[in-house]
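Worksheet: the structure to be examined is printed underneath.
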Amino acid sequence: MSIISDWTDDKAKAFGRENLVFQHGLHQRPMFDDEGLARLLDQYPRDQLGVFTMGEDPKAWTTWRKGAAGNLTGDQLLEAAQAGRIWLNLRKTNDFVPDYAALCDEIFAEKEARVPGLKTFKRDLGMLISSANAQVFYHLDVPLVSLWQVRGQKKVWVYPVADPYVGELALERIVLKETAEQFAFDPAWDAGARAYDLTPGTMVTWQQNAPHRIENGPMLNVSISIEFMTPPALMRANVIYANGVLRRRLGARPRVQNGFGPTALGKLAVARGAKALNLQTPHVRHLPVTFGLDAQRPGVLVERAGDGIRA
């Protein structure tokens, strides 16, 4: 039985190239009820769990802060998400939890069966468990992305891959890992965005590198975030990487080419050579841990010493 209920020939042809909305049935599976989520949080490696909080102003992306789950149980972590303002990010759940590895295989088997010629790799199925009214600031991803809503409601704004939303220089800096994926946002850009209201059973996927931001509704949210590559997507990422190298090393003013033409293939060689020679040093952003969670007071943040703040 298909996970997605509304495949069409047009959607299959546009998949991976356009913004698309699908309907799915994952929200009906018991693995996503409270018991299933608590079990997942207990099974997922604690040192891989991302715990974050953030401010309320969508422009204030520097308020995104990292925390630590400590020794809270899965039930306690779920209570914290239900009561507080946190975002639990379980990246690559498919690498650590067998049930989610099977789910990932099931999803991609369907995609590849439905979309002519689709080949996917570098698959990352991540679980997102987040509080009422939490948000993810304006950012973009290098791979292709699909976001599956399982519980709660959220709104997603997806912006064009063009100036002023993201220029070629900004895109190169992100692909070269010179800067974080989050960057400055102007609320006026909402006028040029496509907004999607996600409810349980809705999935949205968008054009590669499209900037986007997310705001939860007034309830606990559970979503599946899937990142993946295809040969055209990987080629595009390498072209952008090569453009950044050529701009920095030779003062060139290159443009992005899509597809597998001679120029793109030449840039693929440039990107591979630059990576082999370590011509670009990535600046990986490591957020400090500034808060913990209180097992006795669900949702309360325990600020670390030095912040000048306490619970």
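The values are calculated or read from the model by the stated rules, or taken from the named source; none is laboratory data. These numbers were taken from a predicted model, which means no experiment stands behind them. Ideal geometry is used to build each Cβ from the backbone, glycine not excepted, and the neighbour counts take in all protein chains shown. Areas reflect the complete protein model, heavy atoms only, side chains present, ligands, DNA and RNA absent. Shrake-Rupley method; radii C 1.70, N 1.55, O 1.52, S 1.80 Å.
Whole-Hz Karplus values for the range 188-203 come out as 5, 5, 4, 5, x, 8, 9, 9, 10, 9, 9, 10, x, x, 10, 10 Hz, taken residue by residue from phi with 6.51 cos²θ - 1.76 cosθ + 1.60 and θ = phi - 60°; glycine and proline positions read x. Assign one of three labels to the range 126-271, namely rounded, prolate or oblate, based on the Cα gyration tensor with a ≥ b ≥ c the square roots of its eigenvalues; rounded applies when a/c is under 1.5, prolate when it is not and a/b is larger than b/c, and oblate otherwise. Because a/c hits 1.5 or more and a/b exceeds b/c, the range 126-271 counts as prolate. Estimated from the Cβ-Cβ distance and a Förster radius of 45 angstrom, the FRET efficiency linking residue 114 and residue 295 is about 0.50.
Summarising the label geometry, the points placed 7 Å from Cα in the beta-carbon direction at residue 14 and residue 83 lie 4.5 nm from one another. At full extension, residue 56 and residue 191 could sit 46.6 nm farther apart than now, given 0.36 nm per residue minus the alpha carbon distance. Amide H contacts under 5 Å for residue 68: 291, 292, 293, restricted to partners 5 or more places along the chain or on a different chain, H placed in the peptide plane at 1.01 Å from N.
Taken one residue at a time, the phi angles of the range 65-77 give Karplus couplings (6.51, -1.76, 1.60, θ = phi - 60°) of 10, 9, x, 10, 7, x, 9, 5, 6, x, 4, 5, 5 Hz. Gly and Pro are set to x. Rounded to 0.05, the FRET efficiency of the residue 269 and residue 248 pair, given R0 = 25 Å and the Cβ-Cβ distance, is 0.90. When Kirkwood radius over Cα pairs in Å is computed from the coordinates, the matching label among (i) 20.6; (ii) 21.6; (iii) 24.1 is (i). Most simply put, the chain has about 95% antiparallel DSSP beta bridges, counting only bridges with both residues inside it.
With θ taken as phi - 60° and the Karplus curve 6.51 cos²θ - 1.76 cosθ + 1.60 applied, the whole-hertz 3J(HN,Hα) list for the range 264-275 is 5, 5, x, 5, 4, 5, 4, 4, 5, x, 5, 5 Hz, x standing for glycine and proline. Among the trypsin sites (Lys or Arg not before Pro) within the range 169-269, those in coil by DSSP and having at most 14 neighbouring Cβ atoms inside 10 Å are 255. Helix-only mean residue ellipticity at 222 nm, the chain, DSSP H runs n ≥ 4 weighted -39,500 (n - 2.57), per residue, nearest 500. What is it? So the helix-based figure for the chain works out to -9000 deg cm²/dmol. Relative to the longest principal axis of the C-alpha atoms of the chain, give the angle of the C-alpha long axis of helix 98-114, reported between 0 and 90° and rounded to the nearest 10°. Its long axis makes an angle of about 40 degrees. Could you let me know the centre-to-centre spacing of the range 147-175 and the range 1-70, using Cα atoms, in angstrom? Cα centres, the range 147-175 to the range 1-70: 15 Å.
If you run the Gaussian network model on the chain, springs between alpha carbon atoms under 10 Å, then out of 281, 290, 63 the most flexible one is 281. For residue 265, the accessible area of its heavy atoms, probed at 1.4 Å with every protein chain present, is near 80 square angstrom. If you sort the three axes of the alpha carbon gyration tensor as a ≥ b ≥ c, you get a/c of 1.5 or more for the range 63-211 and a/b no higher than b/c, which makes it oblate. Between the range 87-120 and the range 232-279, the alpha-carbon centres lie 28 Å apart.
Amide H to amide H, with H built 1.01 Å from N, residue 217 comes under 5 Å of 133, 153, 154, 155, counting only residues 5 or more places away or on other chains.
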